[in-house]
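The values are calculated or read from the model by the stated rules, or taken from the named source; none is laboratory data. Everything numeric here is computed off the predicted structure, so don't read it as measured data. Note that each Cβ is placed from the backbone with ideal geometry, even for glycine, and that neighbours are counted across all protein chains shown.
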């Protein structure tokens, strides 16, 4: 969550006191939470790939559930659509890992 989202959420409240307390509580949570997450990512690199996998899953699911692709995926049962999302995110992650490995190769001509 970013600071603009905190301000947007606290602006829904009525009065200045809840806005003040909302910002006062949320900003330290964002700062310390991001520092904690950064230290975890530096120690365990697979967290980046885990987050990328969730993003890929969400992207494939959004593509499948779109009205434009309903005529392709609309007749499939839900478990098939979930399986397509999982396979699509695994393929996307494998492509990203391969691209990263290829970029690390030095080719001298």
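Could you please find all residues in segment 49-79 being surrounded by fewer than 11 Cβ atoms within 10 Å (Cβ to Cβ) and over 24 Å from residue 94 (Cβ atoms)?
67, 68, 71, 75, 77, 78
Residue check, residue 68 against (1) at pLDDT below 85; (2) under 28 Å from residue 86 (Cβ atoms); (3) not assigned by TED's automatic domain parsing to the domain that holds residue 97, all met but one. Which one?
Result: residue 68 fails condition (3) only.
Residue-by-condition table, conditions (1) over 16 Å from the mean Cα position of the chain (by Cα); (2) surrounded by 12 or more Cβ atoms within 10 Å (Cβ to Cβ); (3) more than 25 Å from residue 92 (Cβ to Cβ); (4) at pLDDT 70 or above:
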{"residue": "9", "(1), (2), (3), (4)": "yes, yes, yes, no"}
{"residue": "17", "(1), (2), (3), (4)": "yes, no, yes, yes"}
{"residue": "36", "(1), (2), (3), (4)": "yes, no, yes, yes"}
{"residue": "42", "(1), (2), (3), (4)": "yes, no, no, yes"}
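Considering each residue of segment 77-94, count those that are at pLDDT 90 or above and more than 18 Å from the chain's Cα centre (by Cα), and give that number.
Going through segment 77-94 one residue at a time, the tally reaches 1.
Residues are listed down the side, and each one gets a yes or a no for (1) modelled with pLDDT of 90 or more; (2) not in a helix (DSSP H, G or I):
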{"site": "47", "(1), (2)": "no, no"}
{"site": "58", "(1), (2)": "yes, no"}
{"site": "72", "(1), (2)": "no, no"}
{"site": "75", "(1), (2)": "no, yes"}
{"site": "96", "(1), (2)": "no, no"}
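Would you pick out the residues in segment 60-70 that are assigned to a helix (DSSP H, G or I) and either more than 30 Å from residue 37 (Cα to Cα) or in contact with a strand residue (DSSP E or B) (Cβ under 7 Å, 6 or more places away or on another chain) (or both)?
Answer for segment 60-70, where residues must be assigned to a helix (DSSP H, G or I) and either more than 30 Å from residue 37 (Cα to Cα) or in contact with a strand residue (DSSP E or B) (Cβ under 7 Å, 6 or more places away or on another chain) (or both): 64, 65, 67, 68, 69, 70.
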